[in-house]
Structure formats: structure tokens, C-alpha cells
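**Q** Encoded as C-alpha cells, here's the structure I'll be asking about.
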Amino acid sequence: MMTRCFILILIWVTSCVPPKKPTFIRTENISVQSIGLRQSVLKGNLVFHNPNRMRAVLQQSEIDVFINNEPAGHTTLDTSIIIPSRDTFSIPVMVSIDMKNFFRNAAILLTREKVQVRLSGNATLKKSGRYFRIPIQYSGEQKLF
């Protein structure tokens, strides 16, 4: 009986190890939803890889987007997304872009095929009934369109 209790406690403790953070892979399906003088909206997907052997549920995320090290926008997700174990998954995002900062780099954006993109934020994952806050950090070159 004591052995069973010990095994159950051991399984519970090891299942509560914080998950490894997902790895950003790429952006896809980027499209312009609306264009305005003060604000425009881009829609697309952020594709990540889950290195964990257990599936999890993405409860929410908040990500700041920077283009060429200038603040470009912010996205918030509050819809639950099931993240498969050891597989890729995509997060649909809508980014509101402050056009004041965007116009500052418009000439650079129009003359380059790729731009430097940086993502910075946090996500809340639910795994085995527990919540974990995972940092999201990425920096690299991306094609915008």
C-alpha cells in the first residue's frame, strides 16, 4: 500500500515539471485585414513546435511585435488552443499596427524582401491541471508578404 502511494506521488510530482517553451518556426498566411492612417490590422499565423511529450492547452498569450527594432504592434489571444505533443501548431493572430511607427520604416520595408522581426511576450499553458507561464522570445529575418 505504501509503495502504491509513493508511486502515485512520484508520478504526480514528475508530471508537474514546467513544460519546455515552444520553439518559433515561421509566420504564414500573412494578410492585410484593414488599412488606416492611424492603425492597420494584419492577420496571420505564428507556427511553433512543442518539444514536450505531453499535449497542453494554450490558454492565452500576449505578444509584442517589433519590425526592424521598432514597435509595430501587439496581439492578444484569449482562446484555448490544443497543442499536440512533439508536433507543430499554429496560433492565429491579428496584429494592430500603429501606422505612426510603421511609416517611419516604410521606405526600408518597401526596398527589402526580408525584415528583422522580433516577438516578445508570454503565454499561459495548461498541462495536467496546472498553469504555467511561458516566455515567448524570437528574433530573426522574415518575409512579410
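**Q** What's the ranking of 52-63, 21-32 by average number of surrounding C-beta atoms within 10 Å, highest first?
**A** Put in order of decreasing packing, that is 52-63, 21-32.
**Q** Which length gain, in nm to one decimal place, applies between L37 and R130 when the Cα-Cα distance is subtracted from 0.36 nm times their residue separation? Show your work: numbers first, answer last.
**A** On the way: separation 93, 0.36 × 93 = 33.48 nm, distance 4.32 nm.
Full extension of this stretch gives 29.2 nm more.
**Q** For the pairs K100/K126; K20/K100; K43/K126, flag any whose C-alpha to C-alpha distance is greater than 32 Å. If you can, show how the numbers build up before the last one.
**A** Working: K100/K126 37 Å; K20/K100 37 Å; K43/K126 25 Å.
Table pairs above 32 Å Cα-Cα are K100/K126; K20/K100.
**Q** While we're looking at this one, here's another question. Subtracting the Cα-Cα distance from 0.36 nm times the residue separation, let me have the gained length for I25 to R112 in nm, one decimal.
**A** The I25-R112 span can extend by a further 29.2 nm.
**Q** Using amide H atoms built 1.01 Å from N in the peptide plane, name the residues 5+ places from I25, or on other chains, whose amide H lies under 5 Å from its own.
**A** V47, F48, H49
None of the figures in this text is laboratory data; all of them are computed from the coordinates on show. Since the structure is predicted, the reported quantities are computational estimates derived from the model, not experimental observations. So basically every Cβ, Gly included, is an ideal-geometry build from the backbone, and we count neighbours across all protein chains shown.
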